[in-house]
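The structure that follows is given in the form of structure tokens.
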């Protein structure tokens, strides 16, 4: 009987792209598709990345998404009829979202954020970080360049033993990104 090897799931935070771009990292070489499942939450992919003002950075991100087969991850849900016509849903509909696991549903409640004023991205404060914290606490690894000392969902996830790697500490002169990430995991 052959044992099926599972891929390591890595979620990319929007701020991580600046580091990848500055070092011209090819994510398809660093994290081969047969070994790694690269993803971004819908909050990062559809809201934050869509709002990146630097066209060169945005182009780099799109090339990496295509080459490394980076997918968008969202939980299945329905739109509400009372939402304005230009409202961008956080949930994924048919052929887009996936069912939330029981474990994820419990953790989602921990990270519910107050819906105060929206930011230019269309998200509320800490909304994207909360979506990443949920993934970090349910078996995935989050790659970020956030200040992890500040209060918020990512710090809370670290305190609860979530898998979050600060790639600000990555030095391409010393090792590859993959070596750095694997070293942080172990």
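Residue check: is residue 77 out of contact with any helix residue (DSSP H, G or I) (no Cβ under 6 Å at 6 or more places or on another chain), surrounded by fewer than 19 Cβ atoms within 10 Å (Cβ to Cβ), closer than 23 Å to residue 126 by Cβ and modelled with pLDDT under 85?
In short, yes.
Rundown of residues vs (1) at pLDDT 75 or above; (2) more than 18 Å from the chain's Cα centre (by Cα), yes/no style:
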{"residue": "111", "(1), (2)": "no, no"}
{"residue": "118", "(1), (2)": "no, yes"}
{"residue": "140", "(1), (2)": "yes, no"}
{"residue": "161", "(1), (2)": "yes, no"}
{"residue": "168", "(1), (2)": "yes, no"}
{"residue": "176", "(1), (2)": "yes, yes"}
{"residue": "182", "(1), (2)": "yes, no"}
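So, one more: Does residue 132 count as surrounded by 12 or more Cβ atoms within 10 Å (Cβ to Cβ), under 15 Å from the mean Cα position of the chain (by Cα) and either modelled with pLDDT under 95 or under 21 Å from residue 48 (Cβ atoms) (or both)?
In short, yes.
Then there is this: Return the residues of the range 167-179 that are surrounded by 19 or more Cβ atoms within 10 Å (Cβ to Cβ) and outside any loop (DSSP other than H, G, I, E, B); say none if nothing qualifies.
Residues satisfying the conditions are 167, 177.
Scanning for something in contact with a strand residue (DSSP E or B) (Cβ under 7 Å, 6 or more places away or on another chain), in contact (Cβ under 8 Å) with a residue 40 or more places away in the chain, surrounded by 12 or more Cβ atoms within 10 Å (Cβ to Cβ) and assigned to a strand (DSSP E or B), does the range 144-161 turn up at least one residue?
Taking every residue of the range 144-161 in turn, at least one turns out to be in contact with a strand residue (DSSP E or B) (Cβ under 7 Å, 6 or more places away or on another chain), in contact (Cβ under 8 Å) with a residue 40 or more places away in the chain, surrounded by 12 or more Cβ atoms within 10 Å (Cβ to Cβ) and assigned to a strand (DSSP E or B).
Now for a different question. Restricting the search to the range 3-13, which residues are at pLDDT below 95, in a loop (DSSP other than H, G, I, E, B) and within 14 Å of the chain's Cα centre (by Cα)?
none
Pick out the one residue from 49, 70, 61, 19 that is in contact with a strand residue (DSSP E or B) (Cβ under 6 Å, 6 or more places away or on another chain) and either at pLDDT 90 or above or under 19 Å from residue 121 (Cβ atoms) (or both).
Matching residue, one of 49, 70, 61, 19: 70.
Which of the numbered conditions does residue 100 fail, given that it passes all the others? Conditions: (1) modelled with pLDDT of 70 or more; (2) over 18 Å from residue 46 (Cα atoms).
(1)
To continue, here is another question. Just give me the residues in the range 26-46 being modelled with pLDDT of 95 or more and in a helix (DSSP H, G or I), in sequence order.
27, 28, 29, 30
The values are calculated or read from the model by the stated rules, or taken from the named source; none is laboratory data. This is a predicted model, so every value here is computed, not measured. Positions of Cβ are generated from backbone atoms using ideal geometry, with glycine treated the same way; all protein chains shown enter the neighbour counts.
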